[in-house]
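The values are calculated or read from the model by the stated rules, or taken from the named source; none is laboratory data. Fair warning: this is a prediction, and the values are worked out from it, not measured in the lab. Here the Cβ positions follow ideal geometry from the backbone for every residue, glycine too, while neighbour counts run over all protein chains shown. Ligands, DNA and RNA are stripped out before the accessible areas are found, and what is left, the full protein with its side chains, is counted by its heavy atoms. Shrake-Rupley method; radii C 1.70, N 1.55, O 1.52, S 1.80 Å.
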Amino acid sequence: MSPPRRKAVADLRSHRWFGRDDLRTFGHRSRAKQLGYAAEDFLGKPVIAVLNTWSEANTCHSHFRTRAEEVKRGVWQAGGFPLEMPVLSLGETYMKPSPMLYRNLLAMETEEILRSNPIDGVVLMGGCDKTVPGLLMGATSMNVPALFLPAGPMLRGCWRGQVLGSGSDAWKYWTEKRAGLLDECALREIEDGIARSPGTCMTMGTASTMAAAAEALGMSLPGASSIPAVDSAHSRLATACGRRIVEMVFEDLKPRDVLTTEAFENAVTTTMALGGSTNAVVHLVAMAGRAGARLDLHRFDALSRGTPFLANIRPSGEYLMEDFYYAGGLRGLMVRIRDLLHLDCVTASGRTLGECLDGAEVHDERVIAPRERPLGPEGGLAVLRGNLAPDGAVIKHTAMDPRLRTHSGPAVVFRDYDDLERRIDDPALDVTPDSVLVLQSAGPIGGPGMPEWGMLPLPKKLLAQGVRDMVRVSDARMSGTSYGACVLHVAPESFVGGPLALVRDGDVIELDVPERRLALRVDDAELGRRRAAWAPPAPPYARGFGALYARHVTQADTGCDFDFLQGTAPVPEPEIH
Ligand code: FES
């Protein structure tokens with residue numbers, strides 16, 4: 001068999017900018033020289049974009065300036081010409097109402113910056129939740145060789161000798177404070193110790209989940225997603241990414257060669273074995289839509305049921321990402337579910353997934369459980385359906401009080417988050433531990449941006465009685481670091497008239513996780529009357545990006561992508577005249 005054809009320099013996209021003999025090429029070359037580069041630095045070399053989501057407003061990416069230099073070192077070593085380009089930085093901590101409002105904007109920016117510039121290949125530097133899908137969606141639509149460099153998780157948090165996990169322990173200790181069990185001084189100490197280094201949340205939140213999914217998809221180098229951000233191995237990874245992307249350009253290995261339906265199934269299966277974030281559902285469905293792969297909520301649920309839960313990481317387990325790395329990391333975990341994966345999928349490394357897993361081991365079975373003794377018989381996520389969620393809803397059933405997996409109770413309805421904040425701690429609120437808390441207007445359009453409000457706070461008076469979990473239902477998302485019996489992503493959302501909009505105080509809601517059911521026990525005739533009386537709320541934005549977003553965003557079950565960005569229609573190359 002003859003070896004695959006390698007791309008010639010004259011076939012590179014950048015050759016249209018730098019390799020011709022016309023006035024425009026003269027301008028392009030002279031401006032590269034303006035940057036201080038000699039012809040030897042850039043002529044005849046693949047141009048590699050280093051898309052950097054560094055920003056001082058993104059606390060998880062504070063090491064990215066250094067890492068970008070390390071990527072560039074690798075690009076130079078391999079004979080490429082690196083150009084670092086800043087792109088929208090979606091920092092989970094500060095952006096309101098939610099960076100999810102802007103994930104598709106980052107995807108658009110990524111696609112267009114790659115399309116309009118002389119780029120042959122790209123290293124995508126992301127990590128904080130929405131940056132991962134945003135960058136990958138844009139690169140997939142542009143379909144130039146792309147390699148994802150994850151930011152890596154931060155170090156373990158620490159307080160008075162106790163290990164602290166991002167998000168999970170913030171929720172936990174804030175609840176203790178609301179219950180009157182923790183003083184201000186202790187809370188300040190926790191604030192000092194919970195985020196000790198650069199890097200993403202070190203629990204199995206959305207960032208850890210999506211970085212793992214990117215690796216399982218084959219879009220990162222093997223082992224990349226588990227390396228802590230400040231480990232020197234992370235610097236070496238960055239340089240290896242720089243070297244590898246140059247090779248990928250010559251091999252013409254593009255995202256859609258990697259992102260097959262089987263690759264997405266690998267990502268879902270891996271996510272389930274990890275007890276990953278519910279946000280993975282929305283993002284992976286959106287990403288599959290860009291790649292032309294088949295993935296829907298049914299498939300998610302089927303894969304979840306067939307995958308044992310093995311990663312003992314908070315919020316569903318005990319340990320943190322640093323422990324996971326020392327225990328063997330994602331390759332160790334994937335070796336344990338090898339029989340459930342499509343091992344012949346090609347990865348960005350140029351090797352098959354099976355080859356990437358060869359030699360991987362587990363070093364600590366307390367962190368990565370053996371198949372014979374899984375932490376749970378099935379994956380961490382269930383897809384629910386019923387008359388309250390005709391297009392589906394999700395729940396992370398590994399991170400909830402098992403007693404509530406089958407539960408019926410009367411609804412206590414909050415029409416939006418302001419209403420919730422106003423009334424949740426009202427001593428007169430008619431609520432018991434059996435009530436089902438319902439939040440409306442928190443979906444993709446209603447939120448807007450489907451904020452992570454799905455872990456509704458529990459009423460203070462119930463906290464004081466020792467209640468720590470209740471069934472909650474909303475069209476919002478939930479942070480991957482959160483926990484509780486929270487039914488999320490109810491579709492269609494209440495803002496567009498989904499049945500969630502019709503729920504009233506006292507209606508009985510039935511949750512049955514084993515049967516995957518979410519039902520509103522109100523008869524059809526009554527629901528019909530309520531629907532006839534329902535009026536759509538005013539749109540949250542009259543102009544600007546928010547108005548564009550509201551017009552084009554799809555519902556949670558189809559990934560909340562923009563309708564005009566979905567699909568695989570080719571992206572035309574720009575004219576150069
Ligand atoms: Fe950035 Fe959690 S806030 S990953």
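Please work out how much accessible surface I576 shows to a 1.4 Å probe, ignoring ligands, DNA and RNA, in Å² rounded to 10.
Approximately 30 Å² for this residue.
State, to one decimal in nm², a quarter of the convex hull surface area for the C-alpha atoms of the stretch 511-577, i.e. the direction-averaged projected area.
9.3 nm²
Compute the angle between helix 261-274 and the longest alpha-carbon principal axis of the chain, please, reported from 0 to 90 degrees and rounded to the nearest 10.
Orientation of helix 261-274: about 50 degrees from the principal axis.
By a straight-distance test (C-alpha under 18 Å), which lysines pair with K177 as possible cross-link partners, with residues fewer than eight away in the same chain excluded?
K460, K461
Sum up the charges of everything whose Cβ sits under 10 Å from the Cβ of A556, counting Lys and Arg as +1 and Asp and Glu as -1, but leave A556 out.
In short, -3.
Quick one: check the C-alpha center-to-center distance for the stretch 436-480 versus the stretch 356-375, whole angstrom.
34 Å
At q = 0.12, 0.24 Å⁻¹, work out log10 I(q)/I(0) for the stretch 485-542 with the Debye formula, treating every Cα as an identical point scatterer and leaving solvent out; two decimals please.
For the stretch 485-542 at q = 0.12, 0.24 Å⁻¹, log10 I(q)/I(0) is -0.35, -1.11.
How big is the stretch 143-226 in terms of Cα radius of gyration and Dmax, in angstroms?
Values for the stretch 143-226 (Cα only, Rg and Dmax): 16.3, 55 Å.
Using only the Cα atoms of the stretch 423-577, each taken as one equal point scatterer with no solvent, compute I(q) by the Debye sum, divide by I(0), and report log10 of the ratio at q = 0.10, 0.12, 0.13 Å⁻¹.
For the stretch 423-577, the Cα-only Debye profile gives -0.45, -0.62, -0.71.
Take the Cα gyration tensor of the stretch 292-331, multiply each eigenvalue by 5, square-root it, and list the three semi-axes largest first, rounded to whole angstrom. Display every interim value, and only then the final one.
On the way: eigenvalues 139, 32, 16 Å².
Values for the stretch 292-331, descending: 26, 13, 9 Å.
When averaged across all projection directions, what area in nm² does the alpha-carbon convex hull of the stretch 234-308 cover?
Its Cα hull, projected and averaged over all orientations, spans 6.1 nm².
Could you give each residue of the stretch 505-518 its phi-based ³J(HN,Hα) in whole Hz, using Karplus coefficients 6.51, -1.76, 1.60 with θ = phi - 60°, and x for Gly or Pro?
3, x, 4, 8, 10, 10, 10, 9, 5, x, 8, 6, 10, 9
How many angstrom lie between the Cα centre of the stretch 41-71 and the Cα centre of the stretch 241-256?
Centre-to-centre distance over Cα atoms comes out at 17 Å.
Within the stretch 1-150, what whole-number % of the accessible surface is contributed by carbon and sulfur, with the 1.4 Å probe and all protein chains included in the calculation?
It is 54 percent, rounded to a whole number.
Under the definition of Cα pairs under 8 Å and six or more residues apart, what whole-number percent is the relative contact order of the chain?
So the answer I get is 14 percent.
Per residue, how much accessible area does the chain have with a 1.4 Å probe, in Å²?
With the other protein chains kept in place, the chain gives 38 Å² per residue.
Given H placed 1.01 Å from N in the peptide plane, which residues other than close sequence neighbours of R385 have an amide H under 5 Å from its amide H?
R517, L518
Against the longest alpha carbon principal axis of the chain, how many degrees, from 0 to 90 and to the nearest 10, is the axis of helix 232-251 turned?
60 degrees
In sequence order, what are the phi-derived ³J(HN,Hα) couplings for the stretch 275-290 according to the Karplus relation 6.51 cos²θ - 1.76 cosθ + 1.60 with θ = phi - 60°, rounded to whole Hz, with x for glycine and proline?
x, x, 5, 5, 4, 4, 4, 4, 6, 5, 5, 5, 5, 4, x, 6
When the convex hull of the C-alpha atoms of the stretch 290-444 is computed, what volume per residue in Å³ does it have?
Cα convex hull per residue, to the nearest whole number: 181 Å³.
Ordered by residue, what ³J(HN,Hα) values in Hz, to whole numbers, does the stretch 182-196 give under the Karplus form 6.51 cos²θ - 1.76 cosθ + 1.60, where θ = phi - 60° and Gly and Pro are x?
Along the stretch 182-196, the couplings run 9, 8, 4, 4, 4, 5, 5, 5, 5, 4, 5, x, 8, 9, 9 Hz.
Do any of K130/K254; K33/K130; K33/K96; K45/K96 go past 32 Å between their Cα atoms, and which?
Listed pairs above 32 Å: K33/K130; K33/K96; K45/K96.
Average the reciprocal distances over every distinct pair of alpha-carbons in the stretch 22-128, invert the result, and give the Kirkwood radius in Å.
Values: mean 1/r = 0.0661 Å⁻¹.
Across the stretch 22-128, the inverse of the average 1/r is 15.1 Å.
Cα convex hull of the chain: mean projected area in nm², to one decimal?
On the way: hull surface 110.8 nm².
Here the figure is 27.7 nm², rounded to one decimal.
D for the stretch 291-374, whole µm²/s, Stokes-Einstein with Kirkwood Rh over alpha-carbon pairs at 20 °C and 1.002 mPa s: what number?
Rounded, D is 152 µm²/s.
Amide H neighbours of V471 under 5 Å, at least 5 residues apart or on other chains, H built in the peptide plane: list them.
Under 5 Å from the amide H of V471: L437.
How much of the accessible area of the stretch 219-333, in percent, comes from carbon and sulfur atoms when a 1.4 Å probe is used?
47 percent
Counting DSSP beta bridges with both partners in the chain, what percentage is antiparallel, nearest 5?
Working: 21 of 50 bridges.
Here the antiparallel bridges make up roughly 40 percent for the chain.
Could you sort the peptides 107-118, 473-484 by per-residue average Cβ neighbour count (10 Å cutoff), highest mean leading?
Taking the mean over residues of other Cβ atoms within 10 Å, the ranking is 473-484, 107-118.
Name the residues whose placed amide hydrogens come within less than 5 Å of the amide hydrogen of G276, ignoring near sequence neighbours (fewer than 5 apart) on the same chain.
Here the answer is G380, since their amide H atoms fall under 5 Å of that of G276.
With charges only on Cβ, +1 for K and R and -1 for D and E, what is the dipole size of the chain about its Cα centre, in debye, rounded to 20? Each step should come with its number before you reach the end.
Numbers: 64 positive and 71 negative charges, 162 e Å.
It works out to roughly 780 debye.
Over the Cα atoms of the stretch 64-188, Rg to Rh with Kirkwood Rh, two decimal places?
For the stretch 64-188, the value is 1.12.
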